[in-house]
Amino acid sequence: MTISRTADHHRLSARGIDLGFDPDCGFICDLTVHDEGRSVQPMHRVPWIGETLPSDTSPHLHRMQGDFFCAPFADGGGTAPIPHGWPANAFWSITAHGPQMLEARLVRDVEGATVTKKLTLQDGHPFVYQSHRLDGGSGTLSVANHAMVTLPDGGLISFSPKTSFRTPSQPPESDPACGRSALAYPAIASDPRAFPAADGGTLDLTRYPFRPGHEDFVVATEAPGSPLGWTAVVRLGRGDLYLSLHNPAQLPMTMLWHSDGGRDYAPWSGRHRACLGVEEGFAPHMLGEEGGLALGGSLDIRHAIGCIAWPSEARVTQVAAAVDSLTVTGETGESRSVPFDLSHLFP
């Protein structure tokens, strides 16, 4: 188990899992889990990496991939003049690292707060444990982890209990010359399998894609009292399963970005397909509401992502955590228990 730097990526590895970290924009890259004789690589990369883009393109968009941290999320206020804030667009200086751990500090402050990222792997655990600590600063801040899952053959999406699924007031692209959406905006549903469609009827948010050639964004709000926030994505045709885990009291919103060829302008050009964003965070402004996480002290935002072999490709019905394990159950009765450090989410 060694750590090295290849090109601009730092490598972390533990028994059964490895990844790269790109300090320029803070991407988790090339996450690979070795499980039950297969190597699972669930994360998405944009297809234009390496191409020359217009000079006004946001830094993170040049080679967007894997997972990265946003503060503020989208265009959620604050002083950063760039979508997703400085954590997604500035350099992270490595302050500590070892074979299974890396710590980095953002070279820009966020609303006066210093930001420290920590990534940790554990032998035998199919998860990346990540935290983002914001020290100091003032005001409130929207945040989100911006993981992207690649689903070339489609997928089945399940969630911890939610109170509602809502679209913002406007679609991602309001100009038909730029792109198109399949969902109604704004709209709300309690059942994700029957969400209002733009052309009438309903669409099933738990299936990817629910319609080809669209760009859509939905916010799911955690049910009160939920003990564990989770999103499970079965990757059809791949025999595996992506998992996203969080503390619902800290990050009560799961934001789903369905991107499947619905943007027509460069660099998207109708070719950004098979991407599902699973973005755990707190960004009330996306629904026209006030609020955010309060800065001023020490705010530590925890998240875990990972993947396991899931040969049945059955829809997940339950994810339950114990102190040192996680059990995933499918709709036809299959079950897997894997090592998991619950104390990371609930220190």
* Long-range amide H contacts for residue 193: which residues qualify at under 5 Å (H placed 1.01 Å from N, peptide plane, sequence gap of 5 or more or a different chain)? -> 205
* Asked: What does the helix-only formula give at 222 nm for the chain: each DSSP H stretch with n ≥ 4 adding -39500 (n - 2.57), the total divided by the residues, and the result rounded to the nearest 500 deg cm²/dmol?
  -> 0 deg cm²/dmol
* Structure fact -> In order over the range 173-186: 3J(HN,Hα) from phi, Karplus 6.51/-1.76/1.60, θ = phi - 60°, whole Hz, x for each Gly or Pro, gives 10, 7, 8, x, 6, 9, x, 8, 10, 9, 8, 7, 9, x
* Classify the range 293-347 as rounded, prolate or oblate from the Cα gyration tensor: take a ≥ b ≥ c as the square roots of its eigenvalues, call it rounded if a/c is under 1.5, otherwise prolate when a/b beats b/c and oblate if not. => prolate
* Taking the C-alpha atoms of the range 117-230, convex hull volume expressed per residue in Å³ -> 179 Å³
* Work out, in µm²/s and without decimals, the Stokes-Einstein translational diffusion coefficient of the chain at 25 °C, 0.890 mPa s, Rh from Kirkwood over C-alpha pairs. => 121 µm²/s
* **Those trypsin sites (Lys or Arg not before Pro) in the range 176-234 that DSSP places in a loop and that have at most 13 other beta carbons within 10 Å** => 193
* Structure fact -> Taking the convex hull of the alpha-carbon atoms of the range 98-138 and averaging its shadow over every direction gives an area in square nanometres of 3.2 nm²
* To do: In whole angstrom, note down how far apart the Cα centers of the range 208-272 and the range 285-347 are.
  => 14 Å
* Structure fact -> Exposed GluC sites (Glu not before Pro) being those in a DSSP loop with at most 15 other Cβ atoms within 10 Å, the longest stretch of the chain free of them is 52-288
* Asked: Looking at the range 204-347 from every direction and averaging, what is the projected area of its Cα convex hull in nm²?
  -> 10.7 nm²
* Structure fact -> Taking a crude spin-label model, label points 7 Å out from Cα along the C-beta direction, the residue 94 to residue 335 distance in nm is 4.2 nm
* Asked: How many percent of the alpha carbon pairs in the range 33-166 exceed a separation of 17 Å?
  -> 69 percent
* Asked: Where the Cα atoms of the range 45-117 are projected onto their three principal axes, how long is each span, largest first, in whole Å?
  -> 35, 31, 17
* Asked: Mind listing the phi-derived Karplus ³J(HN,Hα) values for the range 134-149, rounded to whole Hz, using 6.51, -1.76 and 1.60 with θ = phi - 60°, and x for any glycine or proline?
  -> 10, 10, x, x, 8, x, 10, 9, 7, 9, 6, 8, 10, 7, 10, 9
* Asked: Quick one: Karplus J couplings for the range 255-264, per residue in order, coefficients 6.51, -1.76, 1.60, θ = phi - 60°, nearest Hz, x for Gly and Pro?
  -> 9, 10, 10, 8, 10, 9, x, x, 10, 9
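All of the numbers you see were taken from the coordinates with simple rules; none came from a lab. Given the structure is predicted, the values throughout are model-derived calculations rather than measurements. Cβ atoms come from the backbone with ideal geometry, glycine included; neighbour counts cover every protein chain shown.
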